[in-house]
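Notes to accompany the following structure.
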Amino acid sequence: MSITDTAQVPWRTEGLFSKHYLTERLQQPGAAFWPSARDSDRAYDEIRRVFSENIVGLRKGHEEDCEKRFITPVIKALGFGHNQRKSIPSIDQQLWPDYILYESPSIADAAFHEGTRNAYYAECVALLEAKRWGHNLSEEASGNGKARKGRSPHYQIRDYLSEAPSLNWAILTNGAKWRLYCRQDRASSFFEFDLEAALK
């Protein structure tokens, strides 16, 4: 499958990146930020294994099941460190993203040992909000659970970004689909990757 065949790729962009950038510019080889083919294959194989072993339960489970059985293993397979449910500093309202992501596990561990609200956010690269497997990421909440009535997961993650001005990036996922958001872009903009489709 060619990446230029956008009818076949497991992603969509809603204004965060142009299709030209994704199909013509991003794929240029040799960029320093790309992992090696060996590292990419290793991560893909591990994520696919976790998916295969857990998909039946994930489709029936709750948000916590999705976090424990799939999202956390994906984060680890990709090489990120993380801490969970630490309140965003410097605001009165208590906002608790499900994950705070770091460039490496050692940076996450250092933030954990420091143990202050500011330390958790000083070196993080993104926030991540998790939902149960397959949950609609754009649908407004009914008022049950931790989401406020009338607020979709999409706007929940936008709220987190707006209250954390030192951060530019956030991820919203239901396990199957992963959305990337940028604080500096329009509220409606995101890039979505269908991980479930890529693993089949």
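The values are calculated or read from the model by the stated rules, or taken from the named source; none is laboratory data. For clarity, every value in this text was computed on a predicted model and none was experimentally measured. Glycine gets a Cβ as well: all are built from the backbone with ideal geometry, and neighbour counts include every protein chain shown. These accessible areas exclude ligands, DNA and RNA; they are computed on the full protein's heavy atoms, side chains included. Shrake-Rupley method; radii C 1.70, N 1.55, O 1.52, S 1.80 Å.
Points worth noting:
- In the chain, the DSSP-assigned H stretches of four residues or longer account for a calculated mean residue ellipticity at 222 nm of -9500 deg cm²/dmol, using -39500 (n - 2.57) per stretch and the full residue count as denominator.
- Rounded to 10°, Cα long-axis angle of helix 153-162 versus longest principal axis of the chain: 70 degrees
- Overall dimensions of the chain, expressed as equivalent-ellipsoid semi-axes from the Cα gyration tensor (√(5λ), whole Å, largest first), are 25, 20, 19.
- PHE80 contributes about 80 Å² of solvent-accessible surface, heavy atoms of the protein only, 1.4 Å probe.
- Of the trypsin sites (Lys or Arg not before Pro) found in the stretch 69-111, the ones in coil according to DSSP and having at most 13 other Cβ atoms within 10 Å of their Cβ are ARG85.
- When only the Cβ of Lys, Arg, Asp and Glu is charged (+1, +1, -1, -1), the dipole of the chain relative to its Cα centre reaches about 400 debye.
- Close amide H pairs (under 5 Å, H built 1.01 Å from N) link PHE190 with GLU14, GLY15, LEU16, residues at least 5 positions away or on another chain.
- Within the accessible area of the stretch 29-76 (1.4 Å probe), percent carbon and sulfur: 53 percent
- Solvent-accessible area per residue, Å², over the chain with all protein chains present [probe radius 1.4 Å]: 57 Å²
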